[in-house]
Amino acid sequence: MSRTLGVLISGRGSNLEAILDAIAARRLDARVGVVVSNQADARGLERAEAAGVPTAVVSHKDYASREAFDEAVLARLNQHDVDVVCLAGFMRILSPVLVRAFSNRVLNIHPSLLPAFVGLHAQRQAVEHGVRVSGCTVHLVDEELDHGPILAQASVRVEESDSEESLSARILEQEHKLYPEAIQLILDGKVRIDGRKAVVQT
Ligand code: GRF
């Protein structure tokens, strides 16, 4: 039986769309049970609705603490029997409430080769630093920002002529391939956590 993903977004939702496309193309054996956004005007909500996926808006502004916000998100995920949570451009740092409820079952995609360039504007950080190679990382989420065990990475060459925008566009293409593949690894039970590391069994 295919498993249920909950996707958390804050904006554009192109990674959400890549996940939905991978499911439709049978490259990813899962279903998206619910898309939760903390922003009512997130474009990704329209993409979810177009695909017939239930959506929920949970605004962080309505909650006094991160924990209370996460409890409300958790309730939505549980309502839809979510097995694995995928952060896809979700601009909130998770509290232990969500991380512990879905221990080693929360994934994030970040537009750099972690542990380089954590936080906001990772592509701009890469251009400004003058690195020759950057890329994207899918990792398990722990209680530190952009920090948990790495599941998969893809590299992208950085050209002298690159701007933040041009590099972001090439990294995004790789994100859209990498995220569904990494989700499938988790769903297949191929990932074992060994201390700091995620070990993928082939
Ligand atoms: C992506 O670059 C992702 O790596 C980062 O936020 C961006 C989200 O884009 N975490 P989208 O909303 O999936 O289009």
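The values are calculated or read from the model by the stated rules, or taken from the named source; none is laboratory data. Predicted model only: the values in this text are computed from it and were never measured. So basically every Cβ, Gly included, is an ideal-geometry build from the backbone, and we count neighbours across all protein chains shown. Keep in mind that these areas ignore ligands, DNA and RNA; they rest on the heavy atoms of the full protein, side chains included. Shrake-Rupley method; radii C 1.70, N 1.55, O 1.52, S 1.80 Å.
Do any residues in region 163-183 that are closer than 28 Å to residue 29 by Cα and away from the ligand (no atom under 11 Å from the Cβ) have Cβ atoms under 7 Å from those of residues that are open to solvent by less than 40 Å² (accessible area, probe 1.4 Å) and charged (D, E, K, R), where the two are at least six apart or on different chains, and which pairs are they?
From residues that are closer than 28 Å to residue 29 by Cα and away from the ligand (no atom under 11 Å from the Cβ), there are no pairs.
Being under 15 Å from residue 185 (Cα atoms) and either in contact with a helix residue (DSSP H, G or I) (Cβ under 6 Å, 6 or more places away or on another chain) or away from the ligand (no atom under 15 Å from the Cβ) (or both) is the filter here; which residues of region 1-18 pass it?
2, 3, 4
Here is a yes/no grid of residues against (1) aromatic (Phe, Trp, Tyr); (2) in contact (Cβ under 8 Å) with a residue 24 or more places away in the chain:
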{"position": "3", "(1), (2)": "no, yes"}
{"position": "11", "(1), (2)": "no, yes"}
{"position": "42", "(1), (2)": "no, yes"}
{"position": "47", "(1), (2)": "no, yes"}
{"position": "55", "(1), (2)": "no, no"}
{"position": "63", "(1), (2)": "yes, no"}
{"position": "79", "(1), (2)": "no, yes"}
{"position": "86", "(1), (2)": "no, yes"}
{"position": "90", "(1), (2)": "yes, yes"}
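Given the conditions (1) within 16 Å of the ligand (Cβ to nearest atom); (2) touching a residue at least 12 places away in the same chain (Cβ under 8 Å), report the number of the one that residue 73 does not fulfil.
Only one criterion in (1) within 16 Å of the ligand (Cβ to nearest atom); (2) touching a residue at least 12 places away in the same chain (Cβ under 8 Å) is unmet by residue 73, namely (1).
Here is a yes/no grid of residues against (1) within 15 Å of the ligand (Cβ to nearest atom); (2) in a loop (DSSP other than H, G, I, E, B); (3) hydrophobic (A, V, I, L, M, F, W, C); (4) open to solvent by 30 Å² or more (accessible area, probe 1.4 Å):
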| site | (1), (2), (3), (4) |
| --- | --- |
| 56 | no, no, yes, no |
| 69 | no, no, yes, no |
| 86 | yes, no, yes, no |
| 113 | yes, yes, yes, yes |
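Just wondering, is there one or more residues in region 56-71 that are out of contact with any Lys or Arg (no Cβ under 8 Å at 6 or more places or on another chain) and under 19 Å from residue 3 (Cβ atoms)?
No, the conditions are met nowhere in region 56-71.
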